[in-house]
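Some notes on the structure that comes next.
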Amino acid sequence: MGTGAPFEDALARVEGVEGWMTDGQARRLWDRATALHSGTQLVEIGSYRGRSTIVLACAAPEGARVVAIDPHAGNDRGPQQVHGTDAEGESDHQAFVANLAQAGVAERVRHVRRPSTDALDLVEGKIDLLYVDGAHRYRMVRDDLRLWTDRIADGGTLLIHDAFASIGVTAAQVRCLFLNRRFRYVGRERSLAEYRRADLGPRARARNALRQAAELPWFGRNVALKIAITARLRPLRRLLDARAEGWPY
């Protein structure tokens, strides 16, 4: 690990940093990043204020490259925050820089302040871990998956946040990954889905599609819960969210 500290220390470093990453999801990011070796590359699409960035930077081995791609333009900042202002984007950027510095990982992270579709030529080489948590609208997620997954090395890891929770993200998963012959579905931690790059034959592809399709009832529950929360339908919300966990992510 780059910082020489345990996972619990990474959690302490992100305490108070705004974002939508649960402790369990942070643990999965941590485990996949710590399994990498010196010289590998980790790329994050969508950093917001740095919560997941800090975890990845803490976990990455010495000599690994950590790249965070986020334009901090004010749009697509989080749940129900599709449209924003330049001032909000600049506030996010300043918070991102300050949070990385406070966590002691600023020097480990290269920030590319561009939209992900404009950043391809600015990130060289293969990617060993790609974490996609950018704009959640269908076309944008589809473009991230189409353009960036080609860069993932054999055996590399793809992680997608708000999978089987956001309509746009899930639609892009269905389009790009359900029948994909190069990515095997590993599982999920709530809405953090994990895939591994591997060559899949016809039977393996069919099994892979079925494993992902099995998550669709959970996706339906999440969409219904979002409607209940937004429309303030308390009885339906209590029925769908017995643990009072709130917005599903």
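Bear in mind that the values in this text are calculations on the coordinates, not laboratory data. A quick note: this is a predicted structure, and the numbers were derived from the prediction, not measured. With ideal geometry, Cβ positions are generated from the backbone for all residues, glycine too; neighbour counts draw on all protein chains shown.
For ALA171, neighbours were defined as the other residues whose beta-carbon sits under 11 Å from its Cβ, and their charges (Lys and Arg +1, Asp and Glu -1) total +4.
Other residues lying with their Cβ under 15 Å from the Cβ of GLU194 contribute a combined charge of +3, Lys and Arg counting +1, Asp and Glu -1. May I ask what percent, to the nearest 5, of DSSP beta bridges between residues of the chain are antiparallel? DSSP beta bridges in the chain are roughly 35 percent antiparallel.
Derived scalar couplings between HN and Hα for the range 100-115 equal 5, 5, 4, 7, x, 10, 4, 6, 8, 10, 9, 9, 9, 8, 9, x Hz in order, rounded to whole Hz, by the Karplus curve 6.51 cos²θ - 1.76 cosθ + 1.60 (θ = phi - 60°), x for Gly and Pro. Computed from phi, the 3J(HN,Hα) profile of the range 65-72 under the Karplus parametrisation 6.51, -1.76, 1.60 (θ = phi - 60°) reads 9, 10, 10, 10, 10, 6, x, 6 Hz, with x in place of Gly and Pro. Here the peptides 188-194, 49-55, 151-157 are ranked by packing, the mean other Cβ count within 10 Å, and the order with the highest first is 49-55, 188-194, 151-157. Around the amide H of ALA60, modelled in the peptide plane, lie the amide H atoms of GLY2, all under 5 Å away and 5 or more residues distant in sequence or on another chain.
Legend: P(r) of the range 159-249 from all alpha carbon pair distances, 5 Å bins from 0, whole percents, reading 3, 14, 24, 21, 14, 10, 7, 5, 2, 0. The convex hull of the Cα atoms of the range 39-130, projected and averaged over all directions, covers 5.8 nm².
Sorting 227-238, 33-44, 165-176 by average packing, meaning the other beta carbons within 10 Å per residue, from highest down gives 165-176, 33-44, 227-238.
Over all pairs of distinct alpha carbons, what does the Kirkwood formula give as the hydrodynamic radius of the chain, in Å? Hydrodynamic radius (Kirkwood, Cα pairs) of the chain is 18.4 Å.
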